[in-house]
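Data first, discussion second: the structure below is written as structure tokens.
The values are calculated or read from the model by the stated rules, or taken from the named source; none is laboratory data. Because the structure is a prediction, the values reported are computed rather than measured. Reconstructed Cβ throughout: ideal geometry from the backbone, glycine too, with neighbour counts over all protein chains shown.
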Amino acid sequence: MSSETDISKFVDYTDSTVPRIKTDALITLINERDALREQVKAKELFLGSYRALVLQHETRKTARERSDEKLARLEELLMKEGIDGVEKLSDRVGELKNTIVRQRNRVELAERMLRAIARVIGMRS
């Protein structure tokens, strides 16, 4: 296409002395451009949501694989150790639970002490 052909869509040359712009054609072209921009934005949002879903799926897949590995290790322990292995595992879980409770209690105590110190400092100010 020549540039004159392209321009002729938007310029009326019926009066050779004064060419006139075809505003309807320009407005139509602008509206088409705006519609295409909206389509592109919508597709970008759609693509972004799919990327988020893929990331979420990969995260879940990784977590599932880790859980499967842990389960396999526990099953192997059960096969090797039998009931004794399960009891050892149960004891270890109990110890971990107690450790977590002790740590929580220490954190709560530290928080209470910090609040008390803050009150004392606040009173002296």
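Tabulated data for the structure shown
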read-out	value
All positions within region 6-23 that are surrounded by 10 or more Cβ atoms within 10 Å (Cβ to Cβ) and either among the aliphatic types (A, V, I, L, M) or part of a loop (DSSP other than H, G, I, E, B) (or both)	I7, K9, F10, V11, Y13, P19, I21, K22
Only listed residue being modelled with pLDDT under 80 and surrounded by 10 or more Cβ atoms within 10 Å (Cβ to Cβ), chosen from A52, A118	A118
Filter result for the condition that a residue is of a type outside the set (S, T, Y), in contact with a helix residue (DSSP H, G or I) (Cβ under 7 Å, 6 or more places away or on another chain) and part of a helix (DSSP H, G or I), over G85, G94	G85
Filter result for the condition that a residue is touching a residue at least 12 places away in the same chain (Cβ under 8 Å), under 40 Å from the mean Cα position of the chain (by Cα) and assigned to a helix (DSSP H, G or I), over L26, L114, L45, L74	L74
